Structures are given as C-alpha cells and as structure tokens.
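Everything on this sheet refers to the single structure shown next.
The values are calculated or read from the model by the stated rules, or taken from the named source; none is laboratory data. Just so you know, these numbers come straight off a predicted model, no measurement behind them. Please note: Cβ atoms are built from the backbone with ideal geometry, for glycine as well, and neighbour counts cover all protein chains shown. We work out accessible area using only protein heavy atoms, side chains counted, and drop any ligands, DNA or RNA first. Shrake-Rupley method; radii C 1.70, N 1.55, O 1.52, S 1.80 Å.
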Amino acid sequence: MGLDSLSNFWLRSSIYSGSNSHSLIPGLFKGLGAKRILLVSDEGLKNAGVVKKVTKVFEDPTLSAGPEIVGEFLKVTQDAGSNCVNKALNYAREVQADAILAVGGGSVMDTAKALKFGLFKGITEINDAIPRGYLYEGFPKAQPMNIPHISVATTAGTGSEVSPIAVIYNEDIRVKMNIYNVYLSSDMAILDPDLTVGLPAHITAFTGADALTHAIEAIVSPQATSVTDAYAFQAIRVIEENLPIAVKDGMNIEARMEMLHGSMMGITAFSSALNAIPIHNFAHAYGALFRIPHGLANAVFLPVVMESIPDLYVPKIRLIAEAFKVKFDDEDAKDILAKVIKKLRFFMHDLGLPSDFSDYQVSQLDVERIVKAVMKDPAAANFPMSAELIKSVASRVAPVVIN
C-alpha cells in the first residue's frame, strides 16, 4: 500500500443506545474500575432536570459499594472555553476524581475530553498545551489515558461522545483550538433518547444540521474511503428522514433515537476522513468572532459553501444526492449539485433555520478580520481558501459586513 492511500478508521467507544440506557451507567463505571466520579454538565441541563435523571440512577441502594459521584462541575460555557476547562481541572483535582461522566452536548463533551487530557498530562493551563491552536497525537504517540470516561449525549449533533477531537475556545485570542488524540473519545457512550425529548425545536434543528454537515464533509473529503462513505451515507439518510420529525414533534422517541445514531455515524465518518472541511472552517471562525452557535453557523454555511466551491462536491455529488433523496437521472454532476443545494435550502427553511446571520451583530467587524479568522482557523491547514473566496462567502451570509 502506498503512503498516499493510507487510511485509519478508529472505533474506540462502546455505544449503549435505547430508552433508559442511562440506567446502565453505575454498572459500566464499576466495570471500568471507577471509584470517584466527577460529573461535567451545565446549569441549563441541571435546571431542565436532566442532570438529576442521571444522578438518580446512583441512588439505588444495591449500588452502595459501587462508584460514587463526588462532585458536579456545571460551569461549562458555550464552545468549551479554555478558562472553563482550567476551572474543571482545578475542581477535579480538588475532589480527587478518578473518573469523568459528561452529560450534555458538544461543549460539555469537549470540556470533559480536554479535562481528561489535562489530568492525564498534568496540565493546569490548557492554552499552553495547544500553543499553535492545533495539537495532533496519533497512535503510537497517543497512549491510553486510564481515566474511566462515560459520555451521555443530550443533543444529536456534534457526536463528540465518540470523536477523538476536542474543540476548545481560546478566549484570549478568540480562536477555536483543536486537540486530536485517539484516546480522547469516551470509553462508553450513552445514547438515550429519553434525555433529549426536552430539547427545544430550534436547538434540535441546528444541532441536527451540524451532524448533516459532518456527513457531507466526510463524503467529499480527499481522505474518504468506502468505510467512511458507508457511515456518512447512512447518516445523511437517517438525518434527512428523522430531523424534521424530531423538530416538529420533540416527544417522538423513535426520531430522537435515530438522530442520536445519525449524529454518531456522521462524526465517526468525519473524524476518520478528516481533511477538507471548509464549511466547518467558516463555522469555527464565525463562532469564535461572533459567538454564533456552531450548528447554526454550519446550517447557514452549508449550502453557500457548496455553491461557492463546486469542484469539491461534484465528484461525489451523486452519492450525496442519493442519500439525501434528491432524484436525478443522467444530468450533469453540476446540475445534480444544484438540485442538492436547492433541497438543502428548503430543508433548512422547513426546520426554521435562517439563511444568513442577520440576527447577529456581524457588521461590527469588518471583512478583513473575517478573512484572517477563517485563514488562521486550524481547519484551513488542509484546505486553504483565498481571501477573495472568503469575502464572497461572507458577503452572501451577511451582506452588511462588506464595507
């Protein structure tokens, strides 16, 4: 095998899915050898009663000799801020935690993964561990961290519970940093639809759009293989069918379950085919500059970037179209791409998602700062974009930004 055809598909997390699967957590932690568990979540999930649903399973009297939750870190901020990670590191050491239970969406999951990384490496300041904004540790440099780690997904979007990537927002320089380590993913991931039924429709929509973006970017990646295509293809099919249902009827357990599966499959393909991700590149930059939720940014950029960089999507557009249930016959690939983009726009509109960032104060920063932010995002390393292209895309998602 030539080096240019080398690929790596890494599946490390054991996945438990289904209604009430969160009841398995104490036994799973016991099997992992955990004794003192730190629960990582956020105030919103505590107020919504989700944290209590999870901690309640530890109150079973038959578990008196098992692992216990010794602390709850609920100060997770949007985009997993580095200051938040540092506070979690201090608190984990204070309560002498030897295991991590993450309950939440992408920000919680990423905070927990950075926490595990920091505890294993003896770090107190996470920014110092990622001086250039991107840290890659593949096997064999990466070694097991031996910190029992279970994640409970409460959104169906990032799939962070099974990915080897932690995205951390550096507040000092306003850049989203990345840590890649094959042992960052959870030992075990709980996909329990019962814990997602209270998720508001708009959050359900844009987190689902994030999962869809993972799958599409995985398919068109230069590193894609038949294995990653299989996961990405099925993820698109599942999301196309179930996301509208989950948005319109949040109590639909079947749709919620399928979205959790779709999210997991999307990020699995994305992480293993990681290369050209211009949509995420823009979403990261705008999220860092304007604090736009990641999934919402992806929802806005997805059709715009596909239309602006057609050559990236044309080679695999038939596969995307088939997965997204776009009918085509013998049309030219560019015509099929146009059909897919048209359906994407209708799809996002029906989910109640915006087509631009008019609700955000994007115009406070000029286009040159946007260009610099997109270019310095770690995602730009594999797929650099010209200033002209970045300006063109920026003008389409927020025309007032161009001065």
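Checking each residue in the stretch 137-166 for being touching a residue at least 12 places away in the same chain (Cβ under 8 Å) and open to solvent by 30 Å² or more (accessible area, probe 1.4 Å) picks out F139, Q143, P144, N146, T158. Scanning the stretch 361-376 for residues that are part of a loop (DSSP other than H, G, I, E, B) and either under 21 Å from L212 (Cβ atoms) or touching a residue at least 40 places away in the same chain (Cβ under 8 Å) (or both) gives Q361, L365. Only one of the listed residues (A394, A379, A338) is open to solvent by less than 20 Å² (accessible area, probe 1.4 Å) and free of Cβ contacts under 8 Å to residues at least 40 places away in the same chain. That residue is A394.
Checked against the criteria, D128 counts as open to solvent by 10 Å² or more (accessible area, probe 1.4 Å), assigned to a helix (DSSP H, G or I) and of a type in the set (D, E, K, R).
Just to be sure, is R291 surrounded by fewer than 18 Cβ atoms within 10 Å (Cβ to Cβ) and under 20 Å from the mean Cα position of the chain (by Cα)? For R291, the condition - surrounded by fewer than 18 Cβ atoms within 10 Å (Cβ to Cβ) and under 20 Å from the mean Cα position of the chain (by Cα) - is met.
Listed by position, the helices (runs of 4 or more DSSP H) enclosed by the stretch 1-93 that each have at least 2 residues that are under 17 Å from T154 (Cα atoms), aliphatic (A, V, I, L, M) and modelled with pLDDT of 95 or more are 50-56.
This table checks each residue for (1) open to solvent by less than 80 Å² (accessible area, probe 1.4 Å); (2) over 21 Å from the mean Cα position of the chain (by Cα).
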{"position": "L11", "(1), (2)": "no, no"}
{"position": "F29", "(1), (2)": "yes, yes"}
{"position": "P61", "(1), (2)": "no, yes"}
{"position": "P67", "(1), (2)": "yes, yes"}
{"position": "D79", "(1), (2)": "yes, no"}
{"position": "V108", "(1), (2)": "yes, no"}
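Kindly establish whether I341 is part of a helix (DSSP H, G or I), β-branched (V, I, T) and under 29 Å from I203 (Cβ atoms). For I341, the condition - part of a helix (DSSP H, G or I), β-branched (V, I, T) and under 29 Å from I203 (Cβ atoms) - is met. Among the residues of the stretch 33-52, those identified as surrounded by 18 or more Cβ atoms within 10 Å (Cβ to Cβ) and either of a type outside the set (S, T, Y) or more than 23 Å from R93 (Cα to Cα) (or both) are A34, I37, L38, L39, V40, D42, L45, V50, V51. Scanning the stretch 145-184 for residues that are within 17 Å of H214 (Cβ to Cβ) and either assigned to a loop (DSSP other than H, G, I, E, B) or among the β-branched types (V, I, T) (or both) returns T155, A156, G157, T158, G159, V162, S163, P164, I165, V167, L184. Considering (1) loosely packed, with under 13 Cβ neighbours inside 10 Å; (2) more than 22 Å from A209 (Cα to Cα), the lone condition that A333 does not fulfil carries the number (1).
Exactly one residue out of S395, S358 is in a helix (DSSP H, G or I), more than 23 Å from the chain's Cα centre (by Cα) and among the polar types (S, T, N, Q): that is S395. Of all the residues in the stretch 198-230, those that are closer than 24 Å to P310 by Cβ, among the hydrophobic types (A, V, I, L, M, F, W, C) and under 17 Å from the mean Cα position of the chain (by Cα) number 7.
Hey, among the residues in the stretch 236-270 that are without any contact (Cβ under 8 Å) to a residue 40 or more places away in the chain and not acidic (D, E), which one's farthest from A299 (Cα to Cα)? Per the criteria, the residue is N252.
Applying the criterion of at least 1 residues that are among the hydroxyl-bearing types (S, T, Y) and under 24 Å from I336 (Cα atoms) to the helices (runs of 4 or more DSSP H) found wholly in the stretch 248-325 leaves 294-308, 310-313. Selection within the stretch 120-161: residues that are within 30 Å of I245 (Cα to Cα) and of a type outside the set (A, V, I, L, M). The member of this set that is nearest to the chain's Cα centre (by Cα) is T158. Apart from one condition, A224 fits all of (1) open to solvent by less than 10 Å² (accessible area, probe 1.4 Å); (2) among the hydrophobic types (A, V, I, L, M, F, W, C); (3) out of contact with any Pro (no Cβ under 6 Å at 6 or more places or on another chain); (4) not in a helix (DSSP H, G or I); the exception is (1).
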